[in-house]
Amino acid sequence: MPHIDGVLFDLDGTLWDTTAACAAGWNRVLRRHGIASREIVAEDVRKVAGKPHEACIRESFPGLAERDLRRLIDETPGEDIRMVAELGGALFPGVVLGLGRLARRWPLFIVSNCQAGYIETFLRLNGLERTFRDFECWGRTRRSKADNLRNVIARNRLARPVFVGDTDGDQSAARACGVPFVHASYGYGACESPDFRAAHFLEVVGLVGGSGESKKGH
């Protein structure tokens, strides 16, 4: 890894997994409006994770009437946050320890395609409000992940950042911004040609120089 001056992270599939809570939220909206659909499970959410929320809903409910799609698109973001606040999410192994080590060396940031309020919920639930210097999401800007990544880099005057994510969309955003990409291969997605791969969060830490330790013994 070349010398860097900041680390940017995707959120879902990279730092934690909330697919069970989000599935419960989607099912709540389906029941509220009597929308005919099979029960949504965590794997359904995991398959579309990383995309803007409207794209996730449209891909998950093919053939559904536009009126019902609009209800899901409009109401599931709020239900996601309520259910995540109630049920929590599962941090990937090593995240709390690893973020602490990284934050002692580099400024940390989050760039996600999530809805507004979701990153704040993640930070509050896990006591990480002071760990990250800045964040941005699709829900606040309605812009692509590449645009949001570029904006966070620019407003924090980063010259040599690295982006850590788990999907091909994350890799494409990093490429568009000309920054090295670390594929969190323990997450949801696959990437064919990342600059680096990490099978455990502590391997991410070792790659970017936050620690010389690997996942052994954790």
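The values are calculated or read from the model by the stated rules, or taken from the named source; none is laboratory data. Quick caveat: nothing in here was measured; it's all calculated off a predicted structure. Backbone-built Cβ (ideal geometry, glycine too); neighbour counts: all protein chains shown. Protein only, heavy atoms only, side chains kept; ligands, DNA and RNA dropped before computing areas. Shrake-Rupley method; radii C 1.70, N 1.55, O 1.52, S 1.80 Å.
Summary of values
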read-out: Positive-pole candidate from ALA90, CYS191, THR121, dipole of the chain, charges at beta carbon; value: THR121
read-out: Trypsin sites (Lys or Arg not before Pro) within segment 47-132, DSSP loop, no more than 10 other Cβ atoms inside 10 Å; value: ARG104, ARG130
read-out: Karplus (6.51, -1.76, 1.60) ³J(HN,Hα), θ = phi - 60°, over segment 15-30, in Hz, Gly and Pro reported as x; value: 10, 7, 10, 10, 5, 5, 5, 5, 4, 4, x, 5, 5, 5, 5, 4
read-out: ASP166 long-range amide H proximity, modeled H, under 5 Å; value: ALA184
read-out: Distant-in-sequence amide H partners of ASP17 (H built 1.01 Å from N, under 5 Å); value: ALA90, LEU91, PHE92
read-out: Heavy-atom surface of segment 91-218, accessible at 1.4 Å and reported per residue (Å²); value: 46 Å²
read-out: Share of carbon and sulfur in the accessible heavy-atom surface of the chain [1.4 Å probe, %]; value: 49 percent
read-out: Computed [θ] at 222 nm, deg cm²/dmol, the chain (DSSP H ≥ 4; -39,500 (n - 2.57); rounded to nearest 500); value: -13500 deg cm²/dmol
read-out: Cβ charges +1 (Lys, Arg) and -1 (Asp, Glu), total dipole of segment 117-208, debye; value: 460 debye
read-out: For segment 71-145: Kirkwood Rh in Å [reciprocal of mean 1/r, alpha carbons]; value: 13.5 Å
read-out: Selection from ASN27, THR14, HIS3, by position along the positive dipole direction of segment 1-41 (Cβ); value: ASN27
read-out: Phi to ³J(HN,Hα) by Karplus 6.51 cos²θ - 1.76 cosθ + 1.60 over segment 34-41, Hz, x for Gly, Pro; value: x, 7, 6, 6, 5, 5, 7, 10
read-out: Whole-number D in µm² s⁻¹ for segment 87-218, Kirkwood Cα-pair radius fed into Stokes-Einstein, 20 °C, 1.002 mPa s; value: 141 µm²/s
read-out: Student exercise, the chain dipole from Lys, Arg, Asp, Glu Cβ charges, in Debye to nearest 20; value: 480 debye
read-out: Cβ-placed point charges (K, R +1; D, E -1), dipole of segment 6-69 about Cα centre in debye, nearest 20; value: 240 debye
read-out: Per-residue ³J(HN,Hα) for segment 96-106, Karplus 6.51 cos²θ - 1.76 cosθ + 1.60, θ = phi - 60°, Hz, x for Gly and Pro; value: 5, 4, x, 5, x, 5, 5, 5, 6, 10, 10
read-out: Positive-pole candidate from PRO52, GLY63, CYS137, dipole of the chain, charges at beta carbon; value: CYS137
